[in-house]
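Let me begin by presenting the structure, written as structure tokens, before commenting on it.
The values are calculated or read from the model by the stated rules, or taken from the named source; none is laboratory data. None of these values were measured; they are calculated from a predicted model. Cβ placement follows ideal geometry from the backbone for every residue including glycine, while neighbour counts extend to all protein chains displayed. Each accessible area value is taken on the protein alone, full model and side chains, heavy atoms only, with ligands, DNA and RNA left out. Shrake-Rupley method; radii C 1.70, N 1.55, O 1.52, S 1.80 Å.
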Amino acid sequence: MKLTGSKILLECLLQEGVDTIFGYPGGTVINIYDDLMDSPVKHILTRHEQAAVHAADGYARATGKVGVAIATSGPGATNTITGIATAYMDSIPMVVITGQVPTPLIGNDAFQEADVIGLTRPITKHNYLVRDIKDLAVTMKKAFYIARTGRPGPVVVDLPKDVQIATAKFEYPETVELRGYKPTYSGNMRMVEKAAKMILSAKKPVLYVGGGASLTDAHGELLELAEMIQAPVTTTLMGMASFPTQHDLSLGMLGMHGTYYANMAVTNSDLLIALGARFDDRVTGKIATFAPHAKIIHVDIDPTSIKKNVRVDLPIVGDLRNVLKKLNNKIAEHKDEIESMHSALKPWHDEISGWRKDQPMTYKSSKVEIKPQFVIEKLRELSNDDAIVTTEVGQHQMWAAQFFNFTQPRTFLSSGGLGTMGYGLPAALGAQAAFPKRQVIDISGDGSFQMNSQELATLVQYRLPVKIVILNNNFLGMVRQWQQLFFDKRYSQTCMELPIDFVKLAEAYGATGLRATKPDEVEDVVRQAFETPGPVIMEFKISREENVMPMVPAGAGINEMLLRTA
Amino acid sequence: MRHTISVLVENEFGVLSRVSGLFSGRGFNIESLSVAPTLDPTISRMTIVTSGDDRILEQINKQLNKLIDTIKIIDFTGEDFIEREMALIKVTADENSRAEILRIADIFRGKIVDVTPKCYTVEVTGSPVKVNAIIDLLRPMGIKELVRSGPVVLGRGPKGWKSG
Ligand SMILES: Cc1ncc(C[n+]2csc(CCOP(=O)(O)OP(=O)(O)O)c2C)c(N)n1
């Protein structure tokens, strides 16, 4: 039996086990939307295509499955760009389907035509224009395969309208063969053995963990390694939640707004073990003074990440979880050496405790003003262990990373690489769609929230009970902080002059709005929000000029932290 | 330093822009790029001349490899290889210079492939250095137009890449 292209597309989604997609209709995808009415695939109509892609991204980060979004040609497709770039920078598996004008019109500046392949080439792992119905099923198979394997990433499939209407026999290939694409998973055993040796003789090791840990679900292996060798663990923003924040060995986050003790430990370490991390400039600060005494072991599935920014003494290309399994087994063979390592590490742990005591991650509390850090602490206290936290971008994002506790993997979803304001709300939407019963909290600033606030409608329509926290300082806080510290307090265009009544905004959409203006109201608002069914906005009027500290000024080494605002 | 790389890629829609976009997006230099299908029509071979230090060259190789459409990369850095480039040079030929142009073309084993009363077109093949040399010699006669193919290269010896 022959099927139309649009039906074949939906069949491919079923074959890939896709249950939910996020999207927005239009002229060049109208056939797909028509067939969607008869398909078991659930579609969530966001209010903006950017949000559809972020929602698919949040869905993917929370579940580990490939997220799927769909948009029409032209403006629909261009609206997806920020979402795709966000997913690309953080290596999130995703397939984005865009409608395209009919093939005979491509290149004619047709109505709602945009060169989607050209536009998305630098922000996708790969992209396809399907020009013949015969190629559709195999292209979808390839798209999902590429999105989820190796270093994951978004793949765009651009589907002209005439291909959606054409018919062909549907056959979904069982496997794909791409002669140019063969990711290395296993990790070279000789390298692993060398790594084990280096680790066992280290005196000041640090495990530096990035997004690769959650992408490969390696939290178990990571915990095993850290405990076996008793090495301190620091994570990047993307590595957050892959290692329990409250663990004795946890140093918290490193880098620009990391903990003092994490940055000091890295600076003084003799062996830095980088696991699925890519030495981003927000992490390393000035490269010349980054981990100057350390030998560096770098495990990553993407060879381009290795030696891109820093010298590496021992590279291991492979899937992090696979490599850690091998490494753990290898190290475990050396019982005696592990024991002697434990005692040899004693001075190192003492040194770290010293830094920890010296400069703990803390803030000045207040009885008059609501401190944003205090709100995060209350959220942490009153939320469930398996709550999923998303963030927008700015000060609130850093406070969430600094003061929330994460115990379970895939519970912290934040735009690390691109730093996209407006990510958190739709990402929370996607995560909540994947886990309707879990607590999902978007920690936001008043600026970021307004970048995708229209998604309140989607939350209410689909009964997605996301709890939105707005740390309202009436500022684009993070930029204001830089202006305060580095531009003589010249607050150019960072004051949000018009105060918004976020409680009324929530109500306008049929959601619940709550507000706290004094510290003693915070707990009540949080409790009430968690008890209220459906989406809730909690607005906290916070101390307006609070800064995120400590901080590595741009261009400085991570050991040269600004500890408090002068 | 100057490096020559051959890249075997899927002969697919848009593959050239993937490669050139990679170079421009990451700030790598392209001195020249030539591309054509191989014996196997599903594979194209690109020859790219680029420059940069070892670290950049390593990144270029890795980034090219990362493209889904890249099948194989042959980096000729430090290898023994044959490098050839072709040029067509349209040069003013009057009574005084005709003989000289012929003589120069002859020395470089070039050919006159088009003749008009006022101009000769010279075809020459050789290493880029040789092509530079003939251009320098012809320049005083008045070069009206010139096109160079950019070099193509092949490793020396019996070893070959099977489909290429
Ligand atoms: C889409 C986008 N535009 C601009 C920026 C630059 N930027 C980074 S943080 C920030 C301020 C964010 O303000 P808000 O959401 O209110 O959070 P706060 O810092 O006050 O917590 C801005 C404008 C960005 N990251 N993303």
Quick calc: nm separation of the 7 Å Cα→Cβ label points for A:Ala332 and A:Asp38 -> 5.4
Sparse-neighbourhood loop hits (GluC sites (Glu not before Pro), the range B:53-122; DSSP loop; Cβ within 10 Å at most 13 others) -> B:Glu79, B:Glu95
Among trypsin sites (Lys or Arg not before Pro) in the range A:347-385, those in a DSSP loop whose Cβ has at most 13 other Cβ atoms within 10 Å are A:Lys364, A:Lys367
Note, the range A:93-102: 3J(HN,Hα) by Karplus (6.51, -1.76, 1.60, θ = phi - 60°), whole Hz, Gly/Pro = x, goes x, 7, 10, 10, 9, 10, x, 9, 4, x
A:Glu369 and B:Phe13 label points (each 7 Å along its Cα→Cβ direction) are spaced in nm at 5.7
Looks like the range A:360-424, by Cα gyration tensor root eigenvalues a ≥ b ≥ c and the a/c under 1.5 rounded cutoff (else prolate when a/b is bigger than b/c, oblate otherwise), is oblate
Per the C-alpha gyration tensor (a ≥ b ≥ c, the square roots of its eigenvalues), chain B is rounded if a/c is under 1.5, else prolate if a/b beats b/c, else oblate; here it's prolate
The range A:217-238 scanned against label point 7 Å out from A:Lys346 along Cα→C-beta; backbone N under 17 Å for A:230-231
antiparallel share of DSSP beta bridges within the range A:237-318, to nearest 5, in %, is 0
Residues hit by the 50 Å² burial cutoff in the range B:44-71, accessible area with a 1.4 Å probe, assembly against chain on its own, are B:Gln59, B:Lys62, B:Lys66, B:Ile68
Taking the alpha-carbon centre of each part, the distance from the range A:467-531 to the range A:136-189 in Å is 43
Here the FRET efficiency for B:Thr116 versus B:Met86, based on Cβ atoms and R0 = 22 Å and rounded to 0.05, is 0.55
Taking a crude spin-label model, label points 7 Å out from Cα along the C-beta direction, the A:Thr517 to A:Leu498 distance in nm is 2.1
Quick calc, A:Thr565 & A:Gln528: beta-carbon distance into FRET formula, R0 30 Å, rounding 0.05, result 0.35
Taking a ≥ b ≥ c as the square roots of the eigenvalues of the Cα gyration tensor, with a/c under 1.5 meaning rounded and otherwise prolate when a/b exceeds b/c and oblate if not, the range A:192-315 is rounded
Summing -39500 (n - 2.57) over every DSSP H run of at least 4 in chain A, dividing by its residue total and rounding to the nearest 500, the 222 nm mean residue ellipticity is -11000 deg cm²/dmol
The longest stretch of chain B containing none of the chymotrypsin sites (Phe, Trp or Tyr not before Pro) that sit in a DSSP loop with at most 16 other Cβ atoms within 10 Å is B:14-160
For A:Met253, the residues 5 or more places away or on another chain with a placed amide H closer than 5 Å to its own amide H are A:Thr235, A:Thr259
Given unit charges at Cβ for Lys, Arg (+) and Asp, Glu (-), the dipole magnitude of chain A about its Cα centre in debye, nearest 20, is 920
Chymotrypsin sites (Phe, Trp or Tyr not before Pro) in the range A:456-544 lying in a DSSP loop, each with at most 13 other Cβ atoms within 10 Å of its Cβ, come to A:Phe487
antiparallel share of DSSP beta bridges within chain A, to nearest 5, in %, is 10
Along the range A:448-459, Karplus-curve 3J(HN,Hα) (6.51, -1.76, 1.60; θ = phi - 60°) to the nearest Hz, with x for Gly and Pro, reads 4, 4, 6, 7, 9, 5, 4, 6, 3, 4, 5, 4
Toy charge model, Lys and Arg Cβ at +1, Asp and Glu Cβ at -1: the range B:23-164 dipole around Cα centroid in debye, rounded to 20, equals 240
With 0.36 nm assigned to each residue of separation and the Cα-Cα distance removed, A:Trp482 to A:Asp281 gains 70.7 nm
Percent relative contact order for the range A:5-142, counting Cα pairs under 8 Å at least six residues apart, stands at 25
Per the 1/(1 + (r/R0)^6) rule, R0 = 22 Å and r from the Cβ atoms of B:Val147 and B:Arg109, FRET efficiency to 0.05 is 0.75
